[in-house]
Structure formats: C-alpha cells, structure tokens
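Below: the structure, in structure tokens.
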Amino acid sequence: MIGPSVLKEVGLTAAAFAASALARERLQWYGWPLLVPAAGTLLLGLAVIAGISAPWLQWALSNADLPDYGFSAPFVSAVVEAARRAVVRIGVGFLATGGIGIGVSFGLLAWSWAQPQGKEVA
C-alpha cells in the first residue's frame, strides 16, 4: 500500500513539472515546500532537547505509581533515567532530520538561484 507521504511527493513532483518548464522554477517548487516542515522538525528537536517535554515525562512517570506495584526505588530511578535519555535521543533524531531537510531545501533553492533565468528544460 502506498503511504500518504509517497503520494504527497508524487503530487509535489507533478506540480513542479506542471507548473513550469523552467528548471529554476521547478527547483524552487521542490525547495520552498520542504523548508517549512523541515524547520518545524528542527524546532521540535530543539524543544525536546531543551527540556520542554521534561515536565510531561516526569508527570507520566509519577502517575504510573511504580512503587505501589512493588518496584524498588533504585529501579524507579533507573526507569526515569532511561526515559530521560530516550527522550534526548529522540530529540537528537528530530534535530538531525530537520537539519538535513533544511540543508536540502537551501541546497535546492541555491541551485535554483544559480540557474539562468528563462532557461527552458527539454
């Protein structure tokens, strides 16, 4: 089954080729729409790494009442530490993905600006 992200990319490619016969404009059709979601992903990664999600994580683990189910205090602190490290790793993943997306977007835009204006693609 084809996922929605694949259909989005096919639609973006079709829009780029239908919108213009100029290489410059086609590259801009790829670069600009990629910039916004990549920036959002980068900001989400920064927010997670900065600790904005820490209160929610702490709230979720405190509501789990692990000591009430017979888990020892060292085990509970190990679970909290593992969850904190996992959240940081997830934040790094979002940060890397957003950074790569922004880099690709700026690369496509720079490539489009380097193209001579009015040059048609065969």
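Being under 21 Å from the mean Cα position of the chain (by Cα), surrounded by fewer than 17 Cβ atoms within 10 Å (Cβ to Cβ) and at pLDDT 65 or above: is that true of PRO55 here? Break it down into steps so the answer makes sense when it comes.
Working: under 21 Å from the mean Cα position of the chain (by Cα): no; surrounded by fewer than 17 Cβ atoms within 10 Å (Cβ to Cβ): yes; at pLDDT 65 or above: yes.
No; evaluated as a whole, the condition is false for this residue.
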With the first residue restricted to region 83-97 and required to be of a type in the set (Phe, Trp, Tyr), and the second required to be at pLDDT 90 or above and crowded, with 16+ Cβ neighbours inside 10 Å, Cβ contacts under 6 Å at 6 or more apart or on different chains are PHE94/THR41; PHE94/LEU44; PHE94/GLY45
ALA60: out of contact with any helix residue (DSSP H, G or I) (no Cβ under 9 Å at 6 or more places or on another chain), part of a helix (DSSP H, G or I) and of a type in the set (A, V, I, L, M), yes or no?
no
Unique residue being out of contact with any helix residue (DSSP H, G or I) (no Cβ under 6 Å at 6 or more places or on another chain), surrounded by 11 or more Cβ atoms within 10 Å (Cβ to Cβ) and in a helix (DSSP H, G or I) when the list is ALA38, ALA47
ALA47
For TRP32: the one exception among (1) in contact (Cβ under 8 Å) with a residue 12 or more places away in the chain; (2) surrounded by 14 or more Cβ atoms within 10 Å (Cβ to Cβ); (3) of a type outside the set (Ser, Thr, Tyr):
(2)
Name the residues in region 63-76 that are surrounded by 12 or more Cβ atoms within 10 Å (Cβ to Cβ), in a helix (DSSP H, G or I) and among the aliphatic types (A, V, I, L, M), would you?
LEU66, VAL76
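The values are calculated or read from the model by the stated rules, or taken from the named source; none is laboratory data. Only a predicted model underlies this, so the values are computations on that prediction, with no experimental measurement involved. Every residue, glycine as well, gets a Cβ built from its backbone with ideal geometry; the counts of neighbours run over all protein chains shown.
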